[in-house]
Structure formats: C-alpha cells, structure tokens
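Notes for the one structure printed next.
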Amino acid sequence: MRTFFRITERSSGAQASCEFPGPRLAGDPRLCHLVRPYLDSSSASVAVVGGAAGPTGRGRRTIVRTLEPGSEGWAAERLTRAAERWDLDLREEWM
Amino acid sequence: MSSDLAPYHSPSRYHPLRRYLEHGLSAKQWAEEQFQLEISQAVDLDSASQVGAEQALLAMDTLPLQVKDILRGLVERVHLQPAGRFDIDELGCWRQGELRINCEPGRVASMQGWVLEGGNAKQMLQTTFVHESGHALAEDPRGGVSLRNFVRLLAASGWLPHPLADPEPFRGEGMTPQELTDYMLRRLRQIDPRWDPTLPAGSPSHPPQERLDMDLMGPPGFHIAAPNEAPRSLGLRGPRQLSRELLAAAARGSLDSDLGRVGLSGATVRRVADRFRPVSSYAEDLISETPAEVFRQLHRGRSVWVDAALAMEVGDQVLIQPWRMAELERGRPEPAPGPFPRARQLSLRR
C-alpha cells in the first residue's frame, strides 16, 4: 500500500504531495521548501502523546509512543507539526 | 440546548496558583481547594518524583477552563505517582472519578533519549490531563455525553464495519452520519438491549464499560450472517485499517466479485470508506479513545487533517457546546473561592 499526503497552503491554495514509502515531496517548490526540514530523518526520536488504552479493568490511559523515523506514522506526525507551523491542510490517501 | 447537559460546568472562577504561593500556601492546597478534590502523593516519591509532582500541579494551573471544570466537577481524587507504578509507556489513567498521573514522564520508556525540558514536561502533563478529562467527560455516569452522542462521534470519525461482514452502511452512496448513528445504535441494542442511547455512555445501567469496545469493535474476522440476526459485535474498523483490508483484497483480485455478491461495487465502497476520518491516528486504536482524542484536539486548536472536519464539528457540538451554553445561561461567574491563609483562618476562629 502506498500512502499520499496531500498538502495545501490555506492562504494561497498552493499544493504539494508527500509519498510513502519515501518520503518523496513533489509539487509547489516553495511549499516543499517549507515542509522538507520537518521530514529530515535526523528528527529521530519523536515521541508522541496519544490515547491508546486496553479495555482492561485498569481504566483509560494516556500513553507515549516513539515513532520510527521514515515510517508512515512518523511522517504523519512530522507533517502535522509543519501544518501547524505554516497553516497548512493535510489529507491522507492510500493506493 | 440546556445547561442540564453540562452538569460539570462550574459557575465559579479559579484563583491562579501564584495567589496561593504569594500567601505562603502550597500548590497541593491550591489544587485541593480550587478543584475540590483530594491530591494524593505516593509516599515513596524520591526527589526527582517530588519535582515531577510539583510540575504536575503547576500544569493544572494553565489547563483550559473546561478541563478545570471537569477536574472540579467529575474528578474526586488525583494520585501523583512515580513511573514505577505505571506501564512502561503510560503517562496517566482515569477510572471512575480517579486520575492517576505519572509525575515522571521522562522515565517513560518511549521517552528515553528524548530530552524533557521543563516546558516539554509541562506540556506532556497537560496533555495527559486533557486526554484523561476527555475520557471522564465521555464516560463518567455524571457526565453529559449520552451513548447516542458517543456513537455519533464514532460515525463522524469514519468507523465502519467491513462491507462483506455488514454491507448495509455502504448501500446507495452510503449512510449519512445520522443514519449511521441510528443504525449502529440499533445493532448495538440487538447485541445487548441494556445499551440505552439516552443514558451516559458510562452509566451503571449499561453493560460493563470494557464491553463497549468489544461490542462495537468485536473480534477480528467476525461476520454478520443476516441483517435481522443479532450480531455478536458491530465489527467496526477505523478508516485506515478498513482501507488496508480493502486494498489487500483488491490486490488479491477478489474484492469486486466478493462485493458484487452482496450487491456492492468496489468504487462505491471506497468512496464511502474514505469520507470521514478520525482526528488522529490514535483515535483509531480503540473505539473508546475516539471521544477523548477529539476532546484533546478541540482544546489544541483546529485539526490540520481536512477529512477530520466532521469529527471536529460533532465533537464541538457534543463535548464543548453544552458547557459553553451553560456558561452563557449562568451569566457572570462567581468569584473564585480562597485562598484562605492559615493565619487568617486562625484569627477568624478566635
């Protein structure tokens, strides 16, 4: 399965895409320039807080996960950060 | 919409922590008085954990107002505990009015090698409070979220059964979120009539809480035999998982013929499956995580994921709007209670 992240700048409508496996950025050069630093694989140990709980009697939990650099989950997290910084919209598609 | 739907809304304000500290009072006293709960610190906290416990209390000071209200209105006790009391990846836990907070987030296994500066630690702790408050809001029997609204959030987040197991939601161009909600609730009541859409999701009149995940997500590979037959589970899947399964079946070449046997086309199924998405990938891990994650994202700001717009919109209606309405109806909030310096209390007693 290949994953595409479609990236749109809200103010200008400029578009780019980020494909996995990869990541391979393509599209509007200015937008790619803004996003590329967030996909630098030296951003290795990205830890993310999220919800994940077992339906156990212990209750509902908040956990931390480390995302493997280059993985799809890692890319989604890094692109989220780029989108928050540069006011972008993201859409994920699978092929 | 009435403020009756927001029993957790507090009509009085909160004193900032610094006011207590200026009077020489402790952060623990501030938290207990302002949130009307008990702060329990583990007796075996070492010096690092003591610092973490202090940070956890500081993190409470700048929580969103609604989260403060949930702490005041729904949570009875906050346990500040060292990392050793938690699973290796766990930051916090909520259960029946009690919050357990790992006050050493830097010792969580996944965080090893990731430098936790003061700001990051505070952000981690705040995120834990917000996410767990989302659980409390969605599932506490005294909260304002009915099972119907809980299921609405799932429908808006793209949870669907596999089309071969249950083709009904994919007929035509697919059910609307409202139709899907009604359908899911009807199927849920077929599994167990005790699931009452009008009661809070965590009501004691419902089956045990852990059954909610099971009855909605079900064991893998389960197939519903016929629309009128009682299912064992709704077999719901998050959009990512469903897409993976559909793409794998398409790659094997069997999808279109299998879907044709239940009167569906691959293109329609893909369109229906791709309409709505959850606010984050974590909201796909378990059914019960979806409302808590929506709540966390709403307090974080907008979602950058355009497909999550409906989940955010329904989340705002279900999780935030009743509280906002209560705020409007009740008018100007009363002054915050306290602080009450010990010296003043003594003089009053005389």
Filtered residues of region B:186-213 (kept if more than 24 Å from residue B:94 (Cα to Cα) and buried (at least 19 other Cβ atoms within 10 Å of the Cβ)): B:187, B:188, B:191
Hey, any hits in region B:91-109 for a residue that's within 18 Å of residue A:59 (Cβ to Cβ) and basic (Lys, Arg)? yes
Please name all residue pairs, on different chains or six or more residues apart, with Cβ atoms under 7 Å, provided the first residue is in region A:1-22 and is more than 12 Å from chain B (Cβ to nearest Cβ) and at pLDDT 95 or above and the second residue is surrounded by fewer than 18 Cβ atoms within 10 Å (Cβ to Cβ) and part of a loop (DSSP other than H, G, I, E, B). A:11/A:87
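Rundown of residues vs (1) touching a residue at least 12 places away in the same chain (Cβ under 8 Å); (2) of a type in the set (A, V, I, L, M, F, W, C); (3) touching a strand residue (DSSP E or B) at 6+ places or on another chain (Cβ under 6 Å); (4) in a helix (DSSP H, G or I), yes/no style:
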site	(1), (2), (3), (4)
B:270	yes, no, no, yes
B:276	yes, yes, no, no
B:282	no, no, yes, yes
B:290	yes, no, no, yes
B:296	yes, no, no, yes
B:299	yes, no, no, yes
B:316	yes, no, no, yes
Search result, residues across region B:328-350 that are exposed (fewer than 10 other Cβ atoms within 10 Å of the Cβ) and modelled with pLDDT of 75 or more: B:328, B:331, B:332, B:335
Across region B:124-133, what is the number of residues that are more than 8 Å from every other protein chain (Cβ to nearest Cβ) and either free of Cβ contacts under 8 Å to residues at least 40 places away in the same chain or under 8 Å from the mean Cα position of the chain (by Cα) (or both)? 1
Which residue, of B:50, B:41, B:29, is at pLDDT 90 or above and either surrounded by 15 or more Cβ atoms within 10 Å (Cβ to Cβ) or more than 22 Å from the chain's Cα centre (by Cα) (or both)? B:29
Checking residue B:258 against (1) assigned to a helix (DSSP H, G or I); (2) of a type outside the set (A, V, I, L, M, F, W, C); (3) closer than 16 Å to residue B:154 by Cβ, which single condition isn't satisfied? (3)
Across region B:301-314, what is the total count of residues that are assigned to a helix (DSSP H, G or I) and either of a type outside the set (Gly, Ala, Ser) or modelled with pLDDT under 90 (or both)? 6
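The values are calculated or read from the model by the stated rules, or taken from the named source; none is laboratory data. Please read these numbers as outputs of a predicted model, since none were measured by experiment. Cβ: placed from backbone, ideal geometry, glycine included. Neighbour counts: every protein chain shown.
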